[in-house]
Amino acid sequence: MPRGIKKEHLPSKDCARCGKPFAWRKKWARDWDEVKFCSERCKREKGSEKPS
């Protein structure tokens, strides 16, 4: 019997910079409420405008 949870059942958010949805990751378990960006690149470029 498989263990774990399917990705479709994990919580998700939209990235504050690019607007793409991203799913919960185990490394974000402790601070999921504070996670705002989908990647390090979006986090670095947070001051720039959203792409059109």
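The values are calculated or read from the model by the stated rules, or taken from the named source; none is laboratory data. In this text the structure is predicted, and so the values were computed from the model without any measurement. Heads up, the Cβs are rebuilt from the backbone with ideal geometry, glycines too, and the neighbour counts pull from every protein chain shown. Just the protein is used for accessible areas: all its heavy atoms, side chains included, with ligands, DNA and RNA removed. Shrake-Rupley method; radii C 1.70, N 1.55, O 1.52, S 1.80 Å.
List of remarks:
- Qualifying trypsin sites (Lys or Arg not before Pro) in region 1-49, where qualification requires a DSSP coil assignment and no more than 16 other C-beta atoms within 10 Å, comprise R3, K6, R25, R30, K36, K46.
- Relative contact order %, the chain, counting alpha carbon pairs below 8 Å whose residues are six or more apart: 34
- Sites counted here are GluC sites (Glu not before Pro) in a DSSP loop (not H, G, I, E or B) having no more than 12 other Cβ atoms within 10 Å; the longest part of the chain that contains none of them is 1-33.
- Carbon and sulfur %, accessible surface of the chain computed with the full protein complex present, 1.4 Å: 49
- Kirkwood hydrodynamic radius of the chain, from inverse mean 1/r over distinct Cα pairs, in Å: 12.3
- Protein heavy-atom accessible surface, 1.4 Å probe, per residue over the chain: 96 Å².
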